[in-house]
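Inspection log for the structure reproduced underneath, given as structure tokens.
The values are calculated or read from the model by the stated rules, or taken from the named source; none is laboratory data. Here the structure is a predicted model, which is why all the values come from computation and not from measurement. Here the Cβ positions follow ideal geometry from the backbone for every residue, glycine too, while neighbour counts run over all protein chains shown. Just the protein is used for accessible areas: all its heavy atoms, side chains included, with ligands, DNA and RNA removed. Shrake-Rupley method; radii C 1.70, N 1.55, O 1.52, S 1.80 Å.
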Amino acid sequence: MSESKEVVLKVFRGDPRGGEAKEYTVPVGPGMVVLDAIHHIQGYLSPDLSCRWNCKAAKCGSCSAEVNGKPRLMCKTRIDDFPAGEPITVYPLRAFPLIKDLVTDVSKNYEVNKRIPPFTPAKDVEWKMFQPDVDRVQEFRKCIECFLCQDVCHVIRNHGKLGEFAGPRFFVRLANLDMHPLDSLSRLQFLKEEAGLGYCNITKCCTEVCPEDIHITDNAIIPLKERVATRYYDPLRLLWRKLTGK
């Protein structure tokens with residue numbers, strides 16, 4: 001745990017034309033988080049430093065950044081979690097286009113979201129749900145759309161496939177819809193052909209960075225993969241479709 005009264009932050013400064021990390025020395029207070037240090041830089045050292053934030057309570061998902069190389073919420077990352085005397089690096093999310101300093105353009109995520117078929121209850125459905133059904137999808141509704149899982153996913157980060165690949169955040173949303181007891185629409189074809197579920201290699205890196213501790217891989221992605229595999233690759237189903245044309 002850090003006992004230093006000051007900390008050095010190396011913060012990326014730049015725009016799409018280029019940039020570099022600049023050093024700032026910031027006084028450290030009790031319980032201080034990285035976002036506090038960024039606000040000190042804005043207030044006293046460099047007012048033109050750009051960063052996105054809102055609630056400062058780990059619930060809006062706005063202050064996502066890469067701190068010491070790992071995607072994190074700056075408001076949930078304490079300074080004293082890092083070794084004393086060593087600089088802390090703060091960079092923007094690498095998977096998305098840079099706008100300025102720590103601010104990136106995450107709008108393509110919302111374009112992906114618009115393509116997902118919405119909640120579709122059956123006609124004349126009885127609006128009654130049992131507690132086990134509620135519990136099953138409740139975990140998925142904790143998502144705050146910080147996009148840390150999207151940032152760390154190698155399919156998006158290293159291969160730039162956001163668009164043809166929906167990404168972990170939206171597999172969570174699709175799992176929420178697929179397991180909803182009152183939803184009647186099958187999205188398996190969408191998952192297979194438009195959301196690119198097959199690209200996921202189940203590395204669990206998305207689960208490791210989720211600030212809400214959603215078990216993205218185990219509880220969302222793997223069940224969706226099993227359902228797609230059963231629907232399209234089960235040999236008995238393939239034989240049945242061949243014989244019946246259904």
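Odds and ends about this structure:
- Cut-off 12 Å between beta-carbons: net charge of the residues surrounding Asn158, Lys and Arg +1, Asp and Glu -1: +2
- Per the chain, cysteines lacking a partner by the 4.7 Å Cβ criterion: Cys51, Cys63, Cys75, Cys143, Cys146, Cys153, Cys200, Cys205, Cys210
- Estimated 222 nm signal from helices in the chain, with DSSP H stretches of n ≥ 4 weighted -39500 (n - 2.57), rounded to 500: -8000 deg cm²/dmol
- At the residue level, Val152 shows approximately 30 square angstrom of accessible surface with a 1.4 angstrom probe and all protein chains present.
- The chain, accessible area per residue, ligands and nucleic acids excluded (1.4 Å, Å²): 54
- With R₀ set to 30 Å, the beta-carbon distance separating His159 from Ser186 gives a calculated FRET efficiency near 0.60.
- Virtual spin-label span in nm between Ala229 and Ala57, 7 Å along Cα→Cβ: 4.2
- Cα-based Rg and Dmax for the range 1-132, where Dmax is the largest Cα-Cα distance (Å): 19.3, 64
- Accessible surface for Asp234 stands near 50 Å², nearest 10, in the context of the full protein assembly shown (1.4 Å probe).
- Note on Glu20 and Ser46: the model spin-label points, each 7 Å out from Cα along the C-beta direction, lie 1.2 nm apart.
- The range 126-221: radius of gyration over Cα atoms, expressed as a fraction of 2.2 N^0.38 Å: 1.09
- Distance histogram in 5 Å bins (all Cα pairs of the chain, percent per bin): 1, 6, 12, 15, 16, 13, 11, 9, 6, 5, 3, 2, 1, 1, 0
- Size descriptor, Kirkwood hydrodynamic radius, that averages inverse alpha-carbon separations across the range 184-246, Å: 13.3
- Percent RCO, i.e. relative contact order, over the chain, from Cα pairs under 8 Å lying at least 6 residues apart: 17
- Cross-linked pairs Lys142/Lys204; Lys22/Lys100; Lys204/Lys242; Lys59/Lys100: Cα-Cα separations exceed 25 Å for Lys204/Lys242.
- Within the accessible area of the range 115-209 (1.4 Å probe), percent carbon and sulfur: 49
- Neighbour net charge for Cys143 - beta-carbon separation under 10 angstrom, K R +1, D E -1: +1
- Sparse packing (at most 10 other Cβ atoms within 10 Å of the Cβ) combined with a DSSP loop state is found for the following chymotrypsin sites (Phe, Trp or Tyr not before Pro) in the range 91-146: Trp127, Phe130.
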